[in-house]
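Read-outs throughout are calculated quantities, based only on the coordinates presented, and are distinct from any laboratory measurement. Not measured: the values here are computed from a predicted model. Positions of Cβ are backbone-derived with ideal geometry, glycine not excepted, and every protein chain shown enters the neighbour counts.
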Amino acid sequence: MRHAHSPETKVAGMINKWPVLDYLGWRDTCSALHLYLQVAGKYRLAHTPWINHSWHATFYVTPRGLTSSIIHDGPGIEIMFDFLDHRVVATSGSGRTASFDLRPMTVAEFHRDFTRLVSNLGGTSRFDGQPNEVPDPTPFAEDHRDRPYNRDAVARFHQALLSIDRVFKRFRTSFLGKCSPVHLFWGSFDIAVTRFSGRRAPLHAGGIPALPDDVAQEAYDREVSSAGFWPGGGGIDYPAFYAYAYPAPGRYRFAPVKPDAAFWHEGVSEFILPYEAVQAADDGDAALLDFLQSTYEAAADLGGWDRDTLESGLGQPAVVRPSDAATMSEMVPLPQAPVERDDGSSKGRYHIIVDDAEAEMTYSRVSSTLVIIDHTDVPDRLRGRRVGERMVRQAVEDARREKFAIIPLCPFAKAQIDRHPEWQDVLHRG
């Protein structure tokens, strides 16, 4: 269930859930913050065992800013970027705390202050000093360019991160397969969430600026549908949400996505939704969820993901998700409601109503002996209840009785028939 709300303004202590972000107005501060996070990220990277897809090195949104979580160096150290008091704060397992101000400075000054902070808490201040994923990188200790620090812009960025984190985490609840945490990558300076099909991907070509190819190749060694948010930069001079698939299935860029403001950006080869469209929407959460879900469905449908196995309804607080264990056929029987069929001369559909919600599966009739299953649409509230499987089963039974063959162009129908060898006698063999 989506909770409608209107964008709020910062009045009488209230904080806007979707604040206005002006990238061009804080671009230099944004660039500085990006590099400061890289310094801290390189420290975490140096002291944390590798986890798939570089998940071991990211930051996480907190009510005050961003945190590294615990880094097991010395007594155990956590780094927090506090965007309310505008400080870098480090705490240690020995009970000590150290901090310094975020302020106008150079990257070299930040690097110096950060290494002192780590050393003062008993940590090891040696780590790689070269930025990643930025053009013409200058070593941190040698970057003496003066950088501004716009406290108001950073505070608005933090408020946007809080809302993005909320919606991304809600979106994450409807996926049962492998899924990343909602986390911020300091290399590309984006907050992201990624879903996985469960299949290996072809070797990535690499070529990401100032990033070793083996890091990129490990990050993309599985099929993914990923979405995230950039504050701006990298060819887009405004804050925006993005979505992409790797490998991108055929005709992915032409897939219809929501809301209306979303589009395929040829320059970055990804779907883009300007942040402004979410900020100005009557229900920003719903607009962003539409973008996340529609771009995922494009990747999953065109890529032939096993959506019936991988998905569930959106999670709800304090409500246990129904089990989806391997014995599902015993725990979740096929729906008993009848499957109806509307059969025309060239088009038709199967449909079933369960708990006042209708699911349908459409098909095209090529001839009296050949039917193409085009698309299956199951409402979120019916996912995991084998409704789609019930319609495919009915089509198989009809094919046998009426002596027609089936081409399962719909990825869901194909996955169902692939999982049921006993149904494959109805497949078209031409």
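Here the Karplus curve 6.51 cos²θ - 1.76 cosθ + 1.60, taken at θ = phi - 60°, turns the phi angles of region 57-68 into couplings of 10, 8, 10, 10, 6, 10, x, 9, x, 9, 10, 7 Hz, with x standing for Gly and Pro. Residues of region 370-406 with the amide nitrogen closer than 13 Å to a label point 7 Å from the Cα of A357, along Cα-to-Cβ, please. Output list for this probe position: 377-388. For the chain, the antiparallel share of DSSP beta bridges with both residues in that region comes to about 95%.
Checking every one of the trypsin sites (Lys or Arg not before Pro) in region 384-430 against DSSP loop status and a limit of 10 other Cβ atoms within 10 Å picks out K403, R429.
Averaging sequence separations of C-alpha pairs under 8 Å and six or more residues apart, then dividing by the length of the chain, give the relative contact order as a whole percent. Walk me through the numbers on the way to the answer.
Numbers: 810 pairs, mean separation 53.4, N = 430.
Dividing the mean separation by the residue count of the chain yields 12 percent.
Helix content alone sets the calculated 222 nm mean residue ellipticity of the chain: runs of n ≥ 4 DSSP H residues at -39500 (n - 2.57) each, divided across all residues, give -9000 deg cm²/dmol. Mean-square fluctuations from a GNM of the chain, with a 10 angstrom spring cutoff on Cα atoms, peak among D380, D101, D356 at D356.
So how do 147-157, 292-302 stack up, highest first, on mean other-Cβ count within 10 Å?
Working: 147-157: 17.7, 292-302: 21.5.
By packing density, highest mean first, the sequence is 292-302, 147-157.
Counting every other Cβ atom within 10 Å of each residue's Cβ, L121, L289, L427 order from fewest to most as L427, L289, L121. Scalar couplings 3J(HN,Hα) for region 250-255, obtained by applying the Karplus form with A = 6.51, B = -1.76, C = 1.60 to θ = phi - 60°, are x, 6, 4, 5, 9, 5 Hz; x denotes Gly and Pro. The long axis of helix 23-46 is offset from the longest Cα principal axis of the chain by roughly 90 degrees. The protection proxy used here, the mean number of other Cβ atoms lying within 10 Å of each residue, ranks peptides 113-120, 250-257 as follows, highest first: 113-120, 250-257.
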